[in-house]
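Undergrad: Sharing a structure here in structure tokens format.
Please treat every number below as a calculation from the coordinates, not as lab data. On a predicted model such as this, the values are computed, not experimentally measured, just so you know. In this analysis, Cβ positions are derived from the backbone assuming ideal geometry, glycine residues included, and neighbour counts consider all displayed protein chains.
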Amino acid sequence: SHIMSEYVRMTDTERDQIDQDAQIFMRTCAEAIQQLRIEAHKGVQSAQVKEHRTAVLDFIEDYLKRVCKLYSEQRAIRVKRVIDKKRL
């Protein structure tokens, strides 16, 4: 109940800014993961270390993809609500 009352008080401009910041943050994270992939194997001789680093980066990338999907679903709900309000 308290959370919903805070949600109602947020303006569309604030929500748009949060959306924009979230998209920038997700893009920055994806770029950082790609950069880590490039750097992860430099100077590493051990196949086990390479495999471990690859697995860790795959896990992190998968987690980011799941977060992005969740964000997209929540944003779609918000857009649907706005469209529904305009129809009324």
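Undergrad: Looking at (i) 16.0; (ii) 14.4; (iii) 12.9, which value of Kirkwood radius over Cα pairs in Å comes from a calculation on the structure shown?
TA: Computed from the coordinates, Kirkwood radius over Cα pairs in Å corresponds to (i).
Undergrad: Grab the other residues whose beta carbon is less than 12 angstrom from that of Ala32, score K and R as +1, D and E as -1, and report the net. Please report the intermediate quantities before stating the final value.
TA: Numbers: positive: Arg27, Arg37; negative: Glu31, Glu39, Glu61.
So the surrounding residues net to -1.
Undergrad: If you don't mind, there's one more thing I want to ask. Could you pull out every one of the lysines with an alpha carbon less than 25 Å from that of Lys42, ignoring same-chain neighbours closer than 8 positions?
TA: Cross-link targets: Lys50.
Undergrad: For segment 68-88 and segment 13-41, write down the distance between their C-alpha centroids in whole Å.
TA: 22
Undergrad: Pop the C-beta distance of Ile83 and Phe59 into the FRET formula with R0 = 30 Å and round what comes out to the nearest 0.05.
TA: After rounding to 0.05, the efficiency reads 0.25.
Undergrad: Something else: Taking 0.36 nm per residue of separation and subtracting the Cα-Cα distance, what length does fully extending Tyr71 through Phe25 add? All intermediate terms of the calculation are to be shown ahead of the outcome.
TA: On the way: separation 46, 0.36 × 46 = 16.56 nm, distance 1.18 nm.
Result: 15.4 nm gained on full extension.
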